[in-house]
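Right, one structure below, let's go through it.
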There are 2 protein chains.
Amino acid sequence: MTKATSVSAERVKGRESVIRVAAIQMEPRVGDKAGNVERQRSLIADAAGQGVRLMVLPELGNTGYIFNTRDEVAELAEEVPGGPTCAMWIDACREGNVYVCAGITERDGGRFYNSAALVGPGGFIGKYRKVHLWDEEKLFFEPGDLGLPVFHLPFGRVGVMICYDGWHPEVARILALQGADIICDPTCWVLVPGIVTAENPISAWVHMASAHVNGVFMICADRCGVERGCTFLGNSCVLGPAGFVAGPASFDKTEVLSAEINLVQARYKHWTDLADPFADRRTDLYDRLLGYRPPR
Amino acid sequence: MTKATSVSAERVKGRESVIRVAAIQMEPRVGDKAGNVERQRSLIADAAGQGVRLMVLPELGNTGYIFNTRDEVAELAEEVPGGPTCAMWIDACREGNVYVCAGITERDGGRFYNSAALVGPGGFIGKYRKVHLWDEEKLFFEPGDLGLPVFHLPFGRVGVMICYDGWHPEVARILALQGADIICDPTCWVLVPGIVTAENPISAWVHMASAHVNGVFMICADRCGVERGCTFLGNSCVLGPAGFVAGPASFDKTEVLSAEINLVQARYKHWTDLADPFADRRTDLYDRLLGYRPPR
C-alpha cells in the first residue's frame with residue numbers, strides 16, 4: 001500500500017559515518033601459522049594502503065580450518081589476546097591505523113574455541129566465540145560462551161558472527177536488535193554438492209538477505225582453495241540494506257574486496273511512516289514459538 | 001570441516017511425496033471482486049490441467065490491494081469461509097481436485113483482516129491472518145490473531161505467511177519448527193526505489209534464503225502490474241532447500257509458474273552426521289535476546 005519512496009539512501013544525505021571496509025579473501029595453509037599470519041600482515045597493509053579502515057579475515061585463518069586430531073588443535077591454538085597472532089595483528093593495525101576482525105584458533109586453559117578477535121590501532125578490543133559449531137568443529141571446539149556481543153568503535157557499532165551462525169537467522173537479528181550497524185563475518189563457506197556450488201553460491205545470497213531484512217551492513221570474508229580435500233566457496237562480499245555493495249568475489253583467488261559505505265544508513269530501520277520492521281516485530285509470537293523443537 | 005556429501009537430494013531417493021505446485025502470478029483489479037475471482041477460477045483450472053495439485057494466489061487477490069477508505073474495505077470484505085469468494089475457490093478445487101491458498105480481504109464482525117484461505121477438494125481447510133501488517137494496511141486491518149498455523153494436507157504439512165511476514169525471518173523459522181514442509185506465501189511485493197527494483201528483485205532472494213536455511217519449500221505468488229500508482233514486483237517463485245526450483249517469474253505478466261517437488265526432502269534437516277541446523281539451535285541465546293528493542 002505504498003510507494004515507499006523514503007527508504008532510499010537519499011534520506012540520510014548529510015548524515016555521515018563513511019568508511020571504506022574490506023573482506024580479505026585468502027587461502028591459509030593448514031598448520032603454517034607463521035606463514036599465514038605473515039601473509040595476513042601483508043594483506044592488511046595492502047588494504048590500509050587503499051584507505052580501508054575496517055577489514056575482515058577468514059575463519060580460523062591463522063591456522064587453517066581442517067583439523068584431524070585434538071593434538072593439532074592444541075599445538076596451534078593460542079590465547080586471545082595473549083598469543084603471537086593477536087600481537088602481530090595489533091602491530092599491523094597500529095602501523096596502518098586500521099581495525100581488523102579475524103578468525104583465530106583460541107585456547108583457554110584446556111578448552112578450544114573457534115573465535116574472532118577484534119583489534120585496532122589502540123590494541124585488543126574484544127573477541128567472539130562461535131556459538132553454532134559446524135559439523136566436525138564439534139569434535140575439538142567448545143560452543144561459544146560469550147554470547148553475541150556488539151562492540152563500539154569510533155565509526156559505529158560492530159557485531160561479529162562466524163560462518164554457520166549465518167544459517168541461523170536469529171544471530172544477525174539479535175546483533176541488529178542490539179544496535180549493530182555492521183556485522184563482521186570471518187567465514188569458511190564449504191561447497192555442498194547439489195546445493196552450494198561455485199555456480200550457485202547460495203551462502204553469499206543468504207547473507208545478502210540477512211543484511212537486507214535487518215537493515216545492516218555485513219562483511220563476509222571467506223577463504224578459498226582446497227584444504228585436506230575440502231573445497232571452499234570464496235565469493236566473499238560486502239553487503240548492505242539494498243543487497244550487494246561489493247562482490248561476490250571470485251571462487252578461488254586471494255582478493256581484497258573493498259567498498260565505501262555510510263554506516264549511518266543502518267540507523268534508519270523504517271521504510272515508511274507506518275512500516276518499521278523492528279517496531280513491527282510480533283515478539284508475542286516469537287517468544288512462545290522460537291524455542292520449539294520440530295516434531296519428528 | 002566437511003564435504004557434506006550427504007545433503008543432496010540423492011539421500012531421499014525412494015522416499016517420496018511428489019507433487020506439482022504452482023505460484024499463480026496475476027494482476028487483480030481493485031474493486032472488481034467478481035472479475036478477479038472469475039479470472040482466478042480460470043487460472044486454477046489452467047493449473048489443474050497442468051497437473052498442479054497445490055497452488056497459491058496473491059495477497060488480497062480477490063479485491064485488489066490498495067484501499068483508500070475504510071468504506072471500500074467494508075464493501076469488499078467478506079467472511080472466511082462464509083463468503084462468495086471462498087465458495088467459488090472451493091468449487092474450483094472440487095472441480096480440479098486441487099488445493100488453493102489464496103489472499104482474501106476478510107471481515108469478522110466489525111474487524112477486517114488481511115487473510116489467506118486454504119481450501120481443497122473437500123472444502124475449507126483453514127485460514128491465516130497476516131501478523132505483520134505492512135505500512136498503510138495498518139489503517140484498516142487488524143493484526144492477525146490466529147498465530148502461525150501449520151495445516152496437515154494429504155501430501156504434507158503446509159504453513160502460510162503473507163508478504164511482509166517474509167521480512168521477519170522469525171516467521172519462516174517458526175513455521176519450519178512446527179514441521180511445515182512447504183510454506184505458501186500469497187504476496188504483494190512492492191517496488192522500493194533504490195532498494196527493491198525489477199533489476200534487483202531482492203524480495204525473491206530473501207525468500208530463497210529462508211527456504212534454504214529452514215530446509216523447506218516455498219511458493220511465493222506475487223501480483224504484478226500497477227494499482228493506484230503502486231507498482232508491484234512480480235518475480236513469483238517456487239523455492240526449495242537448494243534455492244530456486246522455478247522462477248523468478250516475469251516482472252509484469254500473468255503466469256502459472258509450476259514445478260514438481262518432493263516434499264519428503266523437507267524432513268531431512270541435517271547436513272551431515274554432526275551438522276543439523278535445527279538441533280544446533282542456541283535457544284539459550286535466542287530466548288534472552290530476541291525480545292530486545294534496538295537502542296535509539
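Each reported figure results from applying straightforward, stated rules to the coordinates on display, with no laboratory input. Keep in mind that what you see is a predicted model, and the values were worked out from it rather than measured. In this analysis, Cβ positions are derived from the backbone assuming ideal geometry, glycine residues included, and neighbour counts consider all displayed protein chains.
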Gaussian network model of chain B, springs between alpha carbon atoms under 10 Å - residue of B:Asp165, B:Asp284, B:Asp108 with greatest fluctuation: B:Asp284
Percent of beta bridges antiparallel (DSSP, the range B:18-289, rounded to nearest 5): 70
Formal net charge of residues neighbouring B:Ser236 (Cβ-Cβ distance under 14 Å; K, R +1; D, E -1): -4
Per-copy distances of the A:Val12 label point, shortest first, in nm (7 angstrom along Cα→Cβ): 3.9
Label spacing, shortest first and in nm, from A:Asp273 to its equivalents in the remaining copies (7 angstrom along Cα→Cβ): 6.1
Cα lying deepest toward the dipole's positive end in the range B:18-289, options B:Leu76, B:Ala176, B:Pro201, charges on Cβ: B:Ala176
Residues in the range B:120-152 reached by a label modelled at B:Glu79 [backbone nitrogen below 13 Å; 7 Å Cα→Cβ]: none
Size of electric dipole in chain A: Cβ of Lys, Arg +1 and of Asp, Glu -1, about Cα centre, debye, nearest 20: 780
Equivalent ellipsoid semi-axes, the range A:145-296, via Cα gyration tensor eigenvalues times 5, rooted, Å: 27, 20, 14
Antiparallel content of DSSP bridges confined to the range B:143-296, in %, to 5: 60
Alpha-carbon centroids, the range A:136-154 and the range A:202-268: separation in whole Å: 20
Once the Cα gyration tensor of the range B:1-121 is diagonalised, semi-axes √(5λ) in Å: 34, 18, 13
Pairs of Lys in chain A closer than 25 Å at Cα, counting only those 8 or more apart or on different chains: 9
Summed residue charge, Cβ within 15 Å of B:Ala172's Cβ, Lys/Arg positive, Asp/Glu negative: +3
Cα-projected label distance for A:Ala45 with A:Asn68, points at 7 Å along beta-carbon direction, nm: 3.5
Antiparallel bridges, percent of DSSP beta bridges restricted to the range A:1-144 (to nearest 5): 65
Net charge contributed by nearby residues that have their C-beta within less than 14 Å of A:Pro154 (K/R +1, D/E -1): 0
Contact order relative to length of chain A, as percent, for alpha carbon pairs under 8 angstrom and 6 or more apart: 20
For the range A:17-271: rounded, prolate or oblate by the Cα gyration tensor [a/c cutoff 1.5]: rounded
Nearest-first distances (nm) between copies at A:Gly110, label 7 Å from Cα via Cβ: 6.9
Share of pairwise Cα separations in the range B:20-70, more than 14 Å, in percent: 51
GNM result for chain A, Cα springs below 10 Å: residue of A:His270, A:His132, A:His212 fluctuating most strongly: A:His270
Size of electric dipole in the protein assembly as shown: Cβ of Lys, Arg +1 and of Asp, Glu -1, about Cα centre, debye, nearest 20: 420
Taking the range B:16-160 and dividing mean pair separation by its residue count, relative contact order in percent (alpha carbons under 8 Å, at least six apart): 20
